[in-house]
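Heads up: the structure comes next, in structure tokens.
The values are calculated or read from the model by the stated rules, or taken from the named source; none is laboratory data. As the structure is a prediction and not an experimental result, all values here were calculated from the model. Virtual Cβ from ideal backbone geometry, glycine too; neighbours counted across all protein chains shown. Note: areas computed on protein heavy atoms with side chains; ligands, DNA, RNA excluded. Shrake-Rupley method; radii C 1.70, N 1.55, O 1.52, S 1.80 Å.
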Protein chains: 2
Amino acid sequence: MSDRLIYLPLGGAGEIGMNCYVYGYGPTGRERLIVVDLGVSFPDMETTPGVDLILPDISWLIERADRIEAIFITHAHEDHIGALAHLWPRLKAPVYARRFTARIGTMKFDEQGLPRDAITTVAPRPETIEAGPFRVQFLPMSHSIPESSGLIIDTPAGRVVHSGDFKLDPDPLVGEPFDPAVMAQIGAEGVKVLACDSTNVFSPLPGRSESSLPPALNELVANARGMVVATTFASNIARLRTLANAAVANGRSVCLLGRAMRRMVQTATETGILRDFPSTVAPEDAAQIPRENLMLIVTGSQGERRAATAQLSRGKYLGLSLKDGDLFLFSSKTIPGNESSVNRIMNAFSEMGVDVVDDAGGRYHVSGHANRPDLEQVHGLLRPQMILPMHGEHRHLREHARLAEARGIASAIPVNGTIWDITGTAPVSAGHVETGRVYLDGSVQVGAFDGVIRDRIRMALNGHVLVTLIIDEEDEPLGEPWAEVMGLAERGRTGAVLTEAVEGELEQFLNRADARTLGDDDKLDDAIRRIVRQVCMEEIGKKPEVTVVVSRLME
Amino acid sequence: MSDRLIYLPLGGAGEIGMNCYVYGYGPTGRERLIVVDLGVSFPDMETTPGVDLILPDISWLIERADRIEAIFITHAHEDHIGALAHLWPRLKAPVYARRFTARIGTMKFDEQGLPRDAITTVAPRPETIEAGPFRVQFLPMSHSIPESSGLIIDTPAGRVVHSGDFKLDPDPLVGEPFDPAVMAQIGAEGVKVLACDSTNVFSPLPGRSESSLPPALNELVANARGMVVATTFASNIARLRTLANAAVANGRSVCLLGRAMRRMVQTATETGILRDFPSTVAPEDAAQIPRENLMLIVTGSQGERRAATAQLSRGKYLGLSLKDGDLFLFSSKTIPGNESSVNRIMNAFSEMGVDVVDDAGGRYHVSGHANRPDLEQVHGLLRPQMILPMHGEHRHLREHARLAEARGIASAIPVNGTIWDITGTAPVSAGHVETGRVYLDGSVQVGAFDGVIRDRIRMALNGHVLVTLIIDEEDEPLGEPWAEVMGLAERGRTGAVLTEAVEGELEQFLNRADARTLGDDDKLDDAIRRIVRQVCMEEIGKKPEVTVVVSRLME
């Protein structure tokens, strides 16, 4: 049987988040594998209440752990690296990343007590990692975090370029600029497959450079009267520097608030990426500085409840608070789903008399992803035989595939869990694997279909009624049934106390119930459940979740 | 004591939704009152899981029901009329509205078994309703629903113009066009107070006319190959007509899906507002029509789970389904907070091979609210002494107040629950009243601070553990404690079954417990609760909600 090259996304293809892509090469069913990225998604109240993190379901990989040659992490955003320390113990393959990314990964390994030496720091191309049949180089790409990289993956079947997250920034302020000549050179060497970021495929205009922001940000800070507070993603080191420079240029001291913010700046400094960040003051010192001479740079641009932005919107945080005449800047975009939280915060600041500036006008933020014309430029420079759209919801992948096909490049819509044979000149569907999402819930992992989260959602929507009942040795009720409610109105439409109405109806039922019912736990449970839901429907117009506990006294 | 004119928003000022505004005139504390609008807000999973509707807390009004002269409803959007039938029984004042609005209100009254004759249909100005010291006229305004109106409220202290929701549309396709001469005339008669819609104060460009849409919509439909499905707000009668006309012009039959859609078209037709809507086909007949000759106009533009759009995204609905080559158009804007639901639907359509078109480019939808330059135009035409910004979140009200003050017009930020004396030349703060939100939950009303919804959110975040325990006549445990969990992982970190771990720890506690603890329900409850939370923290890293039921056998 001849060898084949396969591609299998396990996360990130059909969603924006929890990226995890697999490449394989070898005889069918015995391919040697490499994994690109192990990221997380973030939970929301609507679909995943109480969940801490969402991980890709990598059961397929775990069953084939002995065939994994290596794990490559393209960059240190949580949707690419966040699951590494949670899932690595099930894979135990060597991990490769560039300096900054490796440093962040090592911190995560330290926190979980995992061996640091599993992570190897790699220089960008031409340094090459040999991983079974794969020869892999890190290709610097501009994005919104230092050292983001694509991967050049050479295989016996030809070259794959895995774009990672990228934009085409000729002047990213921190890190390597986009150089079309380099990309054209890689293209000239022959690219078989381009697996490519699809996030901004619907954005019709060319992306803007990080270097377009300093003038506007500087002007904003120059015109501010009170304290200035700015938030952006902690990992956007270039932006942090631009903001800090704007502060210093206008006679303001800089104070970083939020653990992630300090950690990122420290890591970027230690790895030599950030050489000229202004000196900062500690929060306790900042409180002593006149507000017109101070700028805070803080975490929580997405409205995260416990981050600095949300804390400041609720009042004092680490001795600092905002007031009338201050300025709060969101140098960020609100990720869909976070609008309500961000809006609440903006209004809380408005109530304090703080001027809130966001990126509505496009002056204070640029995206880290390639827009539609940028994608077209990359397609043209690399001239791959086929394009595998990744890093996008289904509609993004579909649009990106169309864009490729419009140029005459073979494509497909390779969603999570689909295996593609990419040995030939076009992607060929080669099967499906079971995949999905796993929830990190507290300290344990819960399957998306275990029913645990479904039950939480049901309790949240319907409330919960508990009924306890004691049955004596003769199968007769001992005392009366007892009902407790949680998350339901105390009184019904008629003014009756809900628990009393439930208990009254249950008593009547028990008085009528025959020995066969009273002697059968399942029958009893069913009947009680039905009565509770019926009484609640009549009294309060809702059918709650019901838990029945029948205790039987034994002789 | 001299008479005064007061303004008190009870809903809609500090939020977009549940509009309810009160004006009063008379001696302090004995003012005669009129109410403008009784609207609802819609719940979300994050803050109000399981709730059906959010109503303004009108306790202040209920206590003063004998002083209410009348209730005026400006238009039939749910955030202005949705609470009418739920709250009217507590107020029982006569209701005035224009024809279309009154018809919608009457349907709601019929559903709740309330007297139809409480609602009086009023013609627009110059028809005038005398309501105690108030003389009120309905002023036609263009918006996104028929017969939306402002109110001209003449009082002994001067004239108030209450804008209602409006835009300045010279050609709204359905209903009265904006006429600057009329507004200038009203201004020339002298306006003391303008209470004004603030929704789009941050939109920097002049609003666009509904009449700008037909060419683009027509072109879109003309180029479609398969079935076309379009969604918009059911109440946007002008848009429905534009969409239906585009269908007919391109040889397509029109089918309306969704109860609200059919009801609105029927009401608009019966009231004579809609005279030339194309004839429609029933869903069962639509299924027989070739897809290239069919257009569905459907409810659910905000991704509502049970509306037609969501149903179609899940598969067949009323015998109709979408497939490869069909077109789905969102002729609408996604309201903040609904992005995730709408995105899920777009991706589901994408998976079916359906082309999804939304308003990203601004071609297929226009807003129903006045933008910043439009507001400035109205300020200039009416030339009020003071402006009370309403219908907006705090940041909108604040920005609108600034806009007014920049023109030299007195203003304030009159949020829900603040009373303003507007007798003089500028608004003067005159106290606060208790206000807030009431939840319609099933068939009962629940206060926002009753703890009911808080408990639901806690169960959703933390899960729920129930412990039952029987204590015999001698205050000794009878049998073993029993634990049930809902919404928690079955097994802990160590692989132990969570309920067994909890029960084991509780048994040990009961073996150790002294008579004083076992005899005291509160002590027992506290101790059990603490142990359960501790075991769960160790096993699964979460502290759940706990309900303890101790049953005591009596002699």
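Details
- Computed from Cα positions, the angle between helix A:394-406 and the longest principal axis of chain A comes to roughly 30 degrees.
- Remark: mean inter-chain Cβ contacts per residue of A:542-553 equal 4, using a 10 Å Cβ-Cβ cutoff to other protein chain atoms.
- Shielding score for B:35-47, defined as the mean number of other chain Cβ atoms within 10 Å: 2
- Counting DSSP beta bridges with both ends in chain B, the antiparallel % (nearest 5): 55 percent
- Cα lying deepest toward the dipole's positive end in segment B:353-419, options B:ALA406, B:VAL356, B:HIS396, charges on Cβ: B:ALA406
- For A:LYS523, the lysines whose Cα falls under 20 Å of its own Cα, not counting residues fewer than eight places away in the same chain, are A:LYS543.
- Area projected by the alpha carbon convex hull of the protein assembly as shown, averaged over all directions, nm²: 49.5 nm²
- Label distances, nm, B:PRO126 versus same residue in remaining copies, Cβ-directed 7 Å point: 9.2
- Karplus-derived 3J(HN,Hα), 6.51/-1.76/1.60, for each residue of segment A:154-160, Hz, glycine and proline x: 8, 10, x, 8, x, 9, 10
- Pairwise FRET efficiency - B:ARG454 versus B:ASP521, Cβ, R0 = 25 Å, nearest 0.05: 0.55
- When the charge dipole of segment B:412-555 is built from unit charges on Cβ atoms (+1 for Lys and Arg, -1 for Asp and Glu) and taken about the Cα centre, the candidate among B:ASN462, B:GLY417, B:THR499 whose Cα reaches farthest toward its positive end is B:GLY417.
- Inter-part distance where segment A:166-224 and segment A:498-555 are each reduced to a Cα centre, Å: 64 Å
- Degrees separating the helix B:498-512 axis from the principal Cα axis of chain B, which is the longest one: 50 degrees
- Cβ-vector label at 7 Å, A:LEU553, separations to other copies in nm: 0.4
- With Cα atoms, 0 to 90° folded angle of helix A:237-249 axis to chain A main axis: 80 degrees
- Centroid-to-centroid separation of segment B:258-320 and segment A:426-466 [C-alpha atoms, Å]: 34 Å
- Stokes-Einstein diffusion for segment B:215-357, with the hydrodynamic radius set to the Kirkwood value over Cα pairs and evaluated at 20 °C in a medium of 1.002 mPa s, equals 144 µm²/s.
- Dipole magnitude for the protein assembly as shown: about 4320 debye, using +1 per Lys or Arg Cβ and -1 per Asp or Glu Cβ, origin at the Cα centre.
- With its label point put 7 Å out from Cα toward Cβ, A:ALA496 sits 4.3 nm from the same residue's point in the other copies, in order from shortest.
- Rg/Rg_globular for segment A:396-541, with Rg_globular taken as 2.2 N^0.38 Å and Rg from C-alpha atoms: 1.83
- At an R0 of 30 angstrom, the distance between the Cβ atoms of A:VAL182 and A:ARG275 translates into a FRET efficiency of 0.80.
- Globularity index of chain A is 1.17 (Cα radius of gyration / 2.2 N^0.38 Å, N = number of residues).
- Taking only the Cα atoms of segment A:101-186, the ratio Rg/Rh comes out at 1.02, with Rh defined as the Kirkwood radius.
- Extending 7 Å from the Cα toward the beta-carbon at both A:GLU476 and B:GLU405 defines two label points whose distance is 7.8 nm.
- Cross-link partners of B:LYS92 among lysines, defined as those whose alpha carbon lies under 17 angstrom from its own and excluding same-chain residues fewer than eight positions apart: B:LYS108.
- Residue ranges B:324-331, A:456-463 sort as A:456-463, B:324-331 when ordered by packing (mean number of other C-beta atoms within 10 Å per residue, highest first).
- Peptide packing: for A:423-429, B:71-77, the average count of neighbouring Cβ atoms within 10 Å per residue gives the ranking B:71-77, A:423-429, highest mean first.
- Accessible area per residue, Å², the protein assembly as shown with all protein chains present, probe 1.4 Å: 39 Å²
- Peptide ranges A:256-265, A:390-399, A:182-191 listed from the most packed, as the mean C-beta count within 10 angstrom indicates: A:390-399, A:256-265, A:182-191
- Virtual spin-label span in nm between A:ILE62 and B:PHE509, 7 Å along Cα→Cβ: 3.2 nm
- Shielding of A:440-452 by partner chains, average beta-carbon count, 10 Å: 5
- The eigenvalues of the Cα gyration tensor, multiplied by 5 and square-rooted, give segment A:463-552 an equivalent ellipsoid with semi-axes of 23, 12, 11 Å from largest to smallest.
- Under 16 Å from the Cα of A:LYS333 - aspartates and glutamates, other chains or at least 8 residues apart: A:GLU210, A:GLU304, A:ASP358, A:ASP359, B:GLU339
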